[in-house]
Amino acid sequence: MSENVGAWWARRQWSKGLAVPYAVGSYRADWERYPVLAKQFHPDLNGGIVLTQIPPAADVYLTWQCDTGHVFVATPGEQRTRPGRKRRKSSWCPECLALAVPRRIRMPDDPGREPVVAAAARPAGPDARPEGAAQPAAARHGALASHGGVERAAGTAFHSTRAPRPASAAEGDLRHRLARRLDLDMTPNAVVVRQPFFDRLEVWPDILIPELKVAIEYDTIGKFGLEHVGKREANDRRKDRLLRQVGWEVIRVRCGKLQPLGPHDLVATGVNAALIERLLDELRLIRGALFVDAYVV
């Protein structure tokens, strides 16, 4: 059960037999991944305890203040998982998020009428189907998936028109540098998976190397600290699992204090020559030096 910060700290003092059960900086590495939360943590309303003394999984109520000035109470877990699919700074504050959602308005000519809520627009496409309609049997079982009328087996790499464009110049630079070192086709941008990922039987890694069946992701926290943290980190982990289920391996280049998620992830400060060499070494570790070096130029 969650408790206020004073009671939580006192209980930790008693259980550990120490006046300061967690030293300042004990959880700095964990909180560095959430720069927005480090900024929101209220310096005066948390019993004199600093954020780096609090485990991210602690079941304790803390006081936060957003840039707008809203003061609110939430546990570390609630704050870390708050950002959803909306890429906006208000995602970290429940009051800002509530204000950002349009209110329902009753029609003035019919006060007893229920408010009408517009249905979310469904993406148009050759395989779009009415709400509630069943998927084709092959797609349900994950053996084959239809993409633009073409059936592809799970694990197949292909070019999808639905895949987003590169999110940053650094991602494009990474792709360009790798293409100069590897004599391989990197034009595919999607992989067929057996289970839906956001309603699609395909995932879109940043860079694909089909001959090696390795996907490379370039992760940063983004301008507002919303990317690849909280719920988005959970989505990244699920995406990686879906790729590994169909025989692919994943290398994530983790920047901006993001910690590795998988066994082959690399922590980096940016795209440079040293990173390319580290990626090549990791590819050799995954698929074998003899095989990878046959494509190195």
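Which residues, taken from segment 145-196, are out of contact with any strand residue (DSSP E or B) (no Cβ under 9 Å at 6 or more places or on another chain) and among the acidic types (Asp, Glu)?
The one that is out of contact with any strand residue (DSSP E or B) (no Cβ under 9 Å at 6 or more places or on another chain) and among the acidic types (Asp, Glu): 173.
Scanning segment 212-235 for residues that are open to solvent by less than 10 Å² (accessible area, probe 1.4 Å) and over 18 Å from residue 171 (Cα atoms), which turns out modelled with the highest pLDDT?
Filtering segment 212-235 for residues that are open to solvent by less than 10 Å² (accessible area, probe 1.4 Å) and over 18 Å from residue 171 (Cα atoms), the one modelled with the highest pLDDT comes out as 212.
In segment 185-211, what count of residues is obtained for those that are touching a Pro at 6+ places or on another chain (Cβ under 8 Å) and surrounded by fewer than 16 Cβ atoms within 10 Å (Cβ to Cβ)?
Within segment 185-211, residues that are touching a Pro at 6+ places or on another chain (Cβ under 8 Å) and surrounded by fewer than 16 Cβ atoms within 10 Å (Cβ to Cβ) number 1.
Inside segment 202-297, counting only helices (runs of 4 or more DSSP H) that do not spill past its ends, which hold 1 or more residues that are touching a Gly at 6+ places or on another chain (Cβ under 7 Å)?
Hits in segment 202-297: 231-245.
Are there any pairs, at least 6 apart or on different chains, whose C-beta atoms fall under 6 Å, with the first in segment 189-210 and under 15 Å from residue 238 (Cα atoms) and free of Cβ contacts under 8 Å to residues at least 40 places away in the same chain and the second open to solvent by 60 Å² or more (accessible area, probe 1.4 Å) and of a type in the set (D, E, K, R), and if so, which?
From residues that are under 15 Å from residue 238 (Cα atoms) and free of Cβ contacts under 8 Å to residues at least 40 places away in the same chain, there are no pairs.
Right, residue 173: open to solvent by 40 Å² or more (accessible area, probe 1.4 Å), among the acidic types (Asp, Glu) and farther than 19 Å from residue 158 by Cα or not?
For residue 173, the condition - open to solvent by 40 Å² or more (accessible area, probe 1.4 Å), among the acidic types (Asp, Glu) and farther than 19 Å from residue 158 by Cα - is met.
Just to be sure I understand the filter: pairs with C-beta atoms under 9 Å, separated by 6 or more residues or on different chains, first member in segment 7-23 and free of Cβ contacts under 8 Å to residues at least 40 places away in the same chain, second member of a type in the set (Val, Ile, Thr). Which pairs pass?
Going by the 9 Å Cβ cut-off, the qualifying pairs are 7/60; 13/20; 22/49; 22/52; 22/54; 23/52.
Looking at segment 273-297, which of its residues are under 25 Å from the mean Cα position of the chain (by Cα), touching a residue at least 60 places away in the same chain (Cβ under 8 Å) and under 17 Å from residue 180 (Cβ atoms)?
275, 276, 279, 280, 283
Please determine, by comparing only the residues of segment 241-260 that are in contact with an Asp or Glu (Cβ under 6 Å, 6 or more places away or on another chain) and open to solvent by less than 60 Å² (accessible area, probe 1.4 Å), which one is farthest from residue 152 (Cα to Cα).
258
Among the listed residues 165, 232, 175, which satisfies the condition of being at negative phi and without any contact (Cβ under 8 Å) to a residue 12 or more places away in the chain?
165
Is it fair to say residue 258 is over 23 Å from residue 32 (Cα atoms) and touching a residue at least 24 places away in the same chain (Cβ under 8 Å)?
So residue 258 fails the test.
Residue 238 fails exactly one of the following numbered conditions: (1) closer than 22 Å to residue 185 by Cβ; (2) open to solvent by 30 Å² or more (accessible area, probe 1.4 Å). What is the number of that condition?
If we test residue 238 against (1) closer than 22 Å to residue 185 by Cβ; (2) open to solvent by 30 Å² or more (accessible area, probe 1.4 Å), just (1) comes out false.
The values are calculated or read from the model by the stated rules, or taken from the named source; none is laboratory data. A quick note: this is a predicted structure, and the numbers were derived from the prediction, not measured. Ideal geometry is used to build each Cβ from the backbone, glycine not excepted, and the neighbour counts take in all protein chains shown. Quick note on the areas: whole protein, heavy atoms, side chains included, nothing else; ligands and nucleic acids left out. Shrake-Rupley method; radii C 1.70, N 1.55, O 1.52, S 1.80 Å.
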